[in-house]
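Q: Dropping a structure here in structure tokens format, bear with me for questions.
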Amino acid sequence: MGEQAPEKTPRKPQTAPPSPQGKGSAKKPESHLAMVRRARRINRELAEIYPYAHPELDFRNPFELLVATVLSAQTTDLRVNQTTPALFAAYPTPEDMAAAVPEELEEIIRPTGFFRAKARSLLGLSQALRDDFGGNVPGRIEDLVKLPGVGRKTANVVLGNAFGVPGITVDTHFGRLVRRWKWTEQEDPEKVEAEICAIFPKSEWTMLSHRVVFHGRRICHSRKPACGACPIAPLCPAYGEGETDPEKAKKLLKYEKGGQPGQRLSPPPDYPGLPAPPLGAAQGAPAGS
């Protein structure tokens, strides 16, 4: 998703409110049509900035992706990726995990937090896969959301990345950025999903999700966005909420944008950054997800 792809040099961001949508603008409110055009242009720009965007959970099959996504709640993908090698070595199939001793499963996944509740979900979904789906992860959202611990977000991750079924994944980063960019004012993830799906062609949904999450983790942070180092600053109505000085903003960049390891221990061949360290190794990745 191979030969390493060269990272494109982003255009130099502006250091003053760069668009009619910026802070302090006296322009009339943006029309819906103008917002849609701006949103689609942001998506095109993000595709150039992150041509290597991908799910940041390590997985080799749909079952591993399903389990990893359930574990990713309330923790970082990095911590999940550091935990799943031992987990899948012990329980490589739904049948194996369904028969796990709960206390032993809990101990393996303890580093991901909320390990008792997550263990119950993993045991329940593994038993359902064994008993109701012949040990296979179903490829329909209607079936996935019936599994213990699986909601629409998890289902869309699995469908989009293991089955090639387009979907919008509304995680914390995605919801935060699409509201910051004024694509929606909704807070409920399902309403956010519906409104964003209406803006973009279905073929773009999965990759759009990856690009937005990549940007939120690397540049457009929650508390201190790196506005002065952001290649899409001219399109952002929230420009100026973060650091606008280019040199100071550059120091806020994370993962490959900041010259640091990413979240995957086994990243795709075209990922331009460094693999994450295994559990217990010296870690150079920044805190946070």
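Q: Pick from S203, S289: which is modelled with pLDDT under 95, within 20 Å of N156 (Cα to Cα), polar (S, T, N, Q) and open to solvent by 30 Å² or more (accessible area, probe 1.4 Å)?
A: Numbers: S203 fails: modelled with pLDDT under 95.
Of the residues listed, the single one that is modelled with pLDDT under 95, within 20 Å of N156 (Cα to Cα), polar (S, T, N, Q) and open to solvent by 30 Å² or more (accessible area, probe 1.4 Å) is S289.
Q: Test V145 against the criterion of being touching a Leu at 6+ places or on another chain (Cβ under 7 Å) and of a type outside the set (D, E, K, R), and give yes or no. First the steps, then the outcome.
A: Details: touching a Leu at 6+ places or on another chain (Cβ under 7 Å): no; of a type outside the set (D, E, K, R): yes.
Here the answer is no, as V145 does not meet what is asked.
Q: When you go through (1) under 24 Å from R41 (Cβ atoms); (2) open to solvent by 40 Å² or more (accessible area, probe 1.4 Å) one by one for H221, which number turns out not to apply?
A: Against the list (1) under 24 Å from R41 (Cβ atoms); (2) open to solvent by 40 Å² or more (accessible area, probe 1.4 Å), H221 comes up short only on (2).
Q: Hey, A226 hits all of (1) open to solvent by less than 40 Å² (accessible area, probe 1.4 Å); (2) out of contact with any Cys (no Cβ under 9 Å at 6 or more places or on another chain) but one; which does it fall short on?
A: (2)
Q: Where residues in region 173-184 are in contact with a Ser or Thr (Cβ under 8 Å, 6 or more places away or on another chain) and open to solvent by 10 Å² or more (accessible area, probe 1.4 Å), which of them is nearest to I219 (Cα to Cα)? Steps first, answer last, please.
A: Step one: of region 173-184, the residues in contact with a Ser or Thr (Cβ under 8 Å, 6 or more places away or on another chain) are 173-174, 176, 178.
Still in the running and open to solvent by 10 Å² or more (accessible area, probe 1.4 Å): 173, 176.
Numbers: H173: 11, R176: 13 Å.
The selected residue is H173.
Q: I would also like to ask the following. For region 142-160, check the following and say yes or no: at least one residue is over 21 Å from the mean Cα position of the chain (by Cα) and within 30 Å of V36 (Cα to Cα). Steps first, please.
A: At the first step, the residues of region 142-160 found to be over 21 Å from the mean Cα position of the chain (by Cα) are 142-143, 146-148.
Pick out the ones that are also within 30 Å of V36 (Cα to Cα) and you get 142.
Checking region 142-160: at least one residue is over 21 Å from the mean Cα position of the chain (by Cα) and within 30 Å of V36 (Cα to Cα).
One line per residue, one yes/no per condition, for (1) in contact with a strand residue (DSSP E or B) (Cβ under 7 Å, 6 or more places away or on another chain); (2) of a type outside the set (K, R); (3) more than 13 Å from I219 (Cβ to Cβ); (4) part of a loop (DSSP other than H, G, I, E, B):
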| site | (1), (2), (3), (4) |
| --- | --- |
| G240 | no, yes, yes, yes |
| E243 | no, yes, no, yes |
| P268 | no, yes, yes, yes |
| P272 | no, yes, yes, yes |
| P277 | yes, yes, yes, yes |
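Q: Which pairs do you get when a residue that is closer than 18 Å to R116 by Cβ and at pLDDT below 95, found in region 73-86, comes within reach of a residue that is open to solvent by 40 Å² or more (accessible area, probe 1.4 Å) and part of a loop (DSSP other than H, G, I, E, B), reach meaning Cβ atoms under 6 angstrom, with the pair 6+ apart or on two chains?
A: Q74/F114
Q: Would you be able to say whether some residue in region 29-37 is of a type in the set (D, E), in a loop (DSSP other than H, G, I, E, B) and surrounded by fewer than 20 Cβ atoms within 10 Å (Cβ to Cβ)?
A: First, pick out the residues of region 29-37 that are of a type in the set (D, E): 30.
If we keep only those that are in a loop (DSSP other than H, G, I, E, B) too, we end up with 30.
Among the residues that remain, those that are also surrounded by fewer than 20 Cβ atoms within 10 Å (Cβ to Cβ) are: 30.
Yes: region 29-37 contains one or more residues that are of a type in the set (D, E), in a loop (DSSP other than H, G, I, E, B) and surrounded by fewer than 20 Cβ atoms within 10 Å (Cβ to Cβ).
Q: Going by the structure shown, is E187 within 22 Å of V36 (Cα to Cα) and part of a loop (DSSP other than H, G, I, E, B)? I'd like the intermediate steps shown before the answer.
A: Values: within 22 Å of V36 (Cα to Cα): yes; part of a loop (DSSP other than H, G, I, E, B): yes.
Yes.
Q: Which of the residues that make up region 118-153 are among the polar types (S, T, N, Q) and either open to solvent by less than 10 Å² (accessible area, probe 1.4 Å) or touching a strand residue (DSSP E or B) at 6+ places or on another chain (Cβ under 8 Å) (or both)? Don't jump to the end; show me each part of the working.
A: Kept after step one, since they are among the polar types (S, T, N, Q), are these residues of region 118-153: 121, 126-127, 136.
Across region 118-153, the qualifying residue is only S126.
Q: For region 65-86, does any single residue satisfy the condition of being in contact with a Phe, Trp or Tyr (Cβ under 8 Å, 6 or more places away or on another chain), of a type in the set (S, T, N, Q), closer than 21 Å to G139 by Cβ and open to solvent by 20 Å² or more (accessible area, probe 1.4 Å)?
A: no
The values are calculated or read from the model by the stated rules, or taken from the named source; none is laboratory data. It should be emphasised that the depicted structure is a prediction, and the values quoted were computed from it without experimental measurement. With ideal geometry, Cβ positions are generated from the backbone for all residues, glycine too; neighbour counts draw on all protein chains shown. Accessible surface areas use protein heavy atoms only, side chains included; no ligands, DNA or RNA. Shrake-Rupley method; radii C 1.70, N 1.55, O 1.52, S 1.80 Å.
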